[in-house]
1. So which pairs qualify, if the first residue must be in region 230-241 and part of a strand (DSSP E or B), the second must be acidic (Asp, Glu) and open to solvent by less than 10 Å² (accessible area, probe 1.4 Å), the Cβ gap must be under 7 Å, and the two must be at least 6 apart or on different chains?
2. Condition first: at pLDDT 85 or above and among the small types (Gly, Ala, Ser). Can you find one or more residues in region 213-231 that meet it?
3. Restricting attention to region 112-138, and to residues there that are open to solvent by 10 Å² or more (accessible area, probe 1.4 Å) and outside any loop (DSSP other than H, G, I, E, B), which single residue is nearest to Tyr175 (Cα to Cα)?
4. Could you please find all residues in region 20-71 being touching a strand residue (DSSP E or B) at 6+ places or on another chain (Cβ under 8 Å), open to solvent by 60 Å² or more (accessible area, probe 1.4 Å) and among the basic types (Lys, Arg)?
5. Consider only pairs whose beta carbons are under 7 Å apart and that are at least six residues apart or on different chains; among these, list those whose first residue lies in region 338-360 and is within 25 Å of Lys163 (Cβ to Cβ) and whose second residue is open to solvent by 60 Å² or more (accessible area, probe 1.4 Å) and at pLDDT 70 or above.
6. Can you name the residue in region 191-204 that is at pLDDT below 90 and within 17 Å of the chain's Cα centre (by Cα) and is also most open to solvent (accessible area, probe 1.4 Å) among such residues?
7. If a residue must be part of a loop (DSSP other than H, G, I, E, B), at pLDDT 90 or above and polar (S, T, N, Q), how many such residues does region 180-190 contain?
8. Being surrounded by 14 or more Cβ atoms within 10 Å (Cβ to Cβ) and modelled with pLDDT under 95 is the filter here, so list the residues in region 275-285 that pass it.
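The values are calculated or read from the model by the stated rules, or taken from the named source; none is laboratory data. Nothing here was measured: the structure is a model prediction, and the numbers come from that model. Cβ placement follows ideal geometry from the backbone for every residue including glycine, while neighbour counts extend to all protein chains displayed. For the accessible areas, the whole protein counts, side chains as well, though only heavy atoms, and no ligand, DNA or RNA atoms are used. Shrake-Rupley method; radii C 1.70, N 1.55, O 1.52, S 1.80 Å.
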Amino acid sequence: MEKSAMAPEEDTVSNLPYDIIRIILLRLSVKDLLRFKSVSKSWNTMISDLWFVRMHLHESKHSDSHILFLRKKSTEHGEDRFSLVRLEGLKFQIEAELNCPFRGERVLCTCDSVMLLTSSYRTYTLWNPSTRTKAMIWFPYKFDEYMTMKHGICHDTTIDDFKVVVASKKYYVVYSCKNKSWTKRKELSDSLVGRSTESGGVAVDGAIYWVSASANSYSRATKSYNSREIIYFDARDDNFRILERPKNVNDNDRYYLVCLRGCLCLYHRIRYDIQIWIKEKGRDNNSWKELMIVENVKTPISWFKPLCFVENKILIRLDATRFVVYSPCEKTFEEFEESKLSLEIKFVPCHNSLLCPIQNTRPKRKRSAYSQLS
C-alpha cells in the first residue's frame, strides 16, 4: 500500500500508531507543540497541517484545562505589560510574560485567539500571544471619526481567510489576510448607520457582531442611547446586516454581547438580575433561548461581563476590580483568592491556538470521520 503524504516516517521516535500520536498531541499546549515540531520531520508536518491546527483549537475551546487570558497591566511609569495567565481553581496563575509587539498598542478585539491591536489607527497588528507570531497591516484610508470607529476580526473557515473590518459611522473597509489587501471604501446603508456601544466586535462563526445605537436617540438626561440594535458583518459576502434581538429584549434596553462556548450571547439587566441569552449556531439562524439568570447583581450592567464557562459554572468580571465564579444551579458566587485587582489590569479571554492569520494555506485534504468538527 502506498504511504500517505501525512503518514509518519519509519523512524525511532515512537512505535505508537500515527492516529494515537495525533490524538495525544491534540491535547497538548501550544508551547509543547512548538517544541515537539523539532522531534522529527513527520511531527513537524503533522503539527503544521491546517486540519491539525483547526482541531487543536477546537479541543482547546472545549477544554477547561486550556482556559487562558491575555492580561494587560499598566505600570506606574505608564508602560503596558502583557502576560498569559491560566485559570486554576479560583486563582490566576501566570504562564508566560510577553513582550508587546509594539509600544503603546491596545487590544481592539480577538478571534480564535488572534488579536487585533493598534496604537495609532494608521497601522494595525495581528498577534497570536500563544505562538508570539505577529503581522503589521498599514491602514491606507483616512477616517475622521476615530473615537466612534468599529473594529472586528473574523475567521472565514470556508476559504481559510482572516478578515479585518474597520468601520466608521458611514463607511467600512475590509482587509483580507489571504489576499493581503484592503477592499475599496464601502458605504453603510442608512438603516445601519449608528454609533457602536463597543469598539471591538464579537466574532462568532465567521461573522462579527456589534450593538449599534442610533445617534439621534441619545438622551442627555440618562446619558445613554434609547434605541439599539444588533448589526453584524458577514464574511461570506462582506456585507452588513441586522440581527433580530430576543423577543423579550427591547430596543431601548441596555444590552451587551459576548462569545461563550463558541456561541453569541446577549445579556441585559432585569431589575436586580442579569438575564443571559444564547443564539443558536449558524449565521442565518436568528433563534435565541435563555441561557441563565444571574441573580442579585448589584453592580452596574456596564461593569458586569461574563468571560467563560468553567465546567457548569461561569466566570464573571463582576465590576472593575472583582472576579467571581457563579453557579446557576446553586445560585451562589465564589470570590477569587485575589478578589481585589487593580483598575489598570485588563483580561482578554483566549485559547491555546496555532493559527497564524497571514500564511500560505495548503489545499484541503479529505479526512476520516474522526476529523469532522462537532
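1. Going by the 7 Å Cβ cut-off, the qualifying pairs are Arg241/Asp234.
2. Taking every residue of region 213-231 in turn, none turns out to be at pLDDT 85 or above and among the small types (Gly, Ala, Ser).
3. Trp138
4. Lys31
5. Filtered contacts from region 338-360: His351/Lys61; Ile358/Lys180.
6. This residue is Glu198.
7. 1
8. Arg283
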